[in-house]
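The values are calculated or read from the model by the stated rules, or taken from the named source; none is laboratory data. Since the model is a prediction, treat every value here as computed from it, not as a measurement. All Cβ positions, even for glycine, are placed from backbone atoms using ideal geometry, and neighbour counts span all protein chains on display.
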């Protein structure tokens, strides 16, 4: 008898919304070649009708449709609860539109240029991979919630068992007082039952500790996945989009030189295009730096904190200085990223809430501990935030706990605020020599 084989995986379905039949044919040809199932719609109303009657894994959306703007279509689908993951395709590369659509939930943004058909399958596969990853993360979160609910239920059951056992014990003691002989028999029985209850409680405690450890592991894993995704997206922006824009800038410069011999106005326009592309490269680098602030090297935290000070001075017109007498080296990039985010949150609070004009970030290391402090000359932390634990302070405390550290806060309306994070890290080292 032949061995049973697993059923073939179901092909992923793609809905293409574009009013250009030629572009639709090119898209469908590229996607079908990669094993995808495609359906097309030439207008927004047709796309809505198709989505009412079927389910799709991904939507490829042209922003310019004959009956509705692509952005309005996304809003209308969300109102009808027919929204699906989507990738924007357009014939006009507009940085502001790209950022707007990303904020509306777009997974990617692709311009219909000469290499459009070449890049499309890879972008679709990357978007589907991200969708699968997000679904996996959502399942992990649901599993964590189920485990928490089960844990609470088991604690309630154990509490009820203990309450019943306590009631039974009182009744037995009352009965034993009636006779000495019965008291001795009941005492032996009580010793046995107490031992059984002790074993049960020990087992329940071990199970409880195991569940708590698993919950913490899942929280750490979710945070690590989020950090890795941020670094990956930042690297993609830097290595992919940044290199692509650099190539466009070079082509624009060559075009400028050629047009200079033909038409000076046209050459000036090409120069303007080069300038816009340089601005786009700078913005892409800023986005990449924001998603992955700490580079993967031992001195990355120090460089990142110096850059944070420079950026704070440029953006908020305040004095911000970084001090690190002896270099503090990290091999653990995740721990360094947590410390950077703590400093970033503290600086933001100093400027936004404390109205500080001078901020000082210090990083130092002893033989056992790492110290990161952020001191300002602002008007101090609001009293309600220190009493109840504001969102920013809770985030800093949570990040510190993830690396085995603690947060201390000293605030005074006349002397400003000092936030210190102290942690023990085996991955931190103190390099010799002055900085």
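A few comments on the model shown:
- Search result, residues across region 16-41 that are free of Cβ contacts under 8 Å to residues at least 60 places away in the same chain, within 16 Å of residue 110 (Cα to Cα) and in a helix (DSSP H, G or I): 24, 28
- Considering region 326-347, and only residues there that are under 14 Å from residue 306 (Cβ atoms) and surrounded by fewer than 24 Cβ atoms within 10 Å (Cβ to Cβ), the residue that is modelled with the lowest pLDDT turns out to be 327.
- Selection of region 348-363 for residues being touching a residue at least 12 places away in the same chain (Cβ under 8 Å) and either part of a helix (DSSP H, G or I) or surrounded by fewer than 17 Cβ atoms within 10 Å (Cβ to Cβ) (or both) yields 348, 349, 350, 351, 355, 357, 358.
- Evaluating residue 4 against the criteria (1) at pLDDT 85 or above; (2) over 20 Å from residue 116 (Cβ atoms) leaves one unmet condition, (1).
- The test for being over 48 Å from the mean Cα position of the chain (by Cα), modelled with pLDDT under 85, surrounded by 10 or more Cβ atoms within 10 Å (Cβ to Cβ) and over 30 Å from residue 91 (Cβ atoms) holds for residue 177.
- Condition broken by residue 164, with the remaining ones in (1) outside the structural domain of residue 225 (by TED's automatic domain parsing); (2) surrounded by 12 or more Cβ atoms within 10 Å (Cβ to Cβ); (3) under 54 Å from the mean Cα position of the chain (by Cα) satisfied: (2)
- Scanning region 280-311 for residues that are at pLDDT 75 or above and either part of a loop (DSSP other than H, G, I, E, B) or more than 21 Å from the chain's Cα centre (by Cα) (or both) yields 280, 302, 303, 306, 307, 309, 310, 311.
- All told, residue 91 meets the bar of being touching a strand residue (DSSP E or B) at 6+ places or on another chain (Cβ under 9 Å), touching a residue at least 24 places away in the same chain (Cβ under 8 Å) and more than 20 Å from residue 233 (Cβ to Cβ).
- Of all the criteria given as (1) in contact with a strand residue (DSSP E or B) (Cβ under 8 Å, 6 or more places away or on another chain); (2) within 24 Å of residue 313 (Cβ to Cβ); (3) modelled with pLDDT under 90, the one not satisfied by residue 374 is (3).
- Of all residues in region 42-72, those being closer than 26 Å to residue 132 by Cα and part of a loop (DSSP other than H, G, I, E, B) number 5.
- Criterion (under 28 Å from residue 15 (Cβ atoms), touching a residue at least 40 places away in the same chain (Cβ under 8 Å) and assigned to a helix (DSSP H, G or I)) met by exactly one of 127, 147, 98, 135: 127
- Residue in region 128-135 that is more than 19 Å from the chain's Cα centre (by Cα) and either crowded, with 16+ Cβ neighbours inside 10 Å or not assigned by TED's automatic domain parsing to the domain that holds residue 277 (or both) present: no
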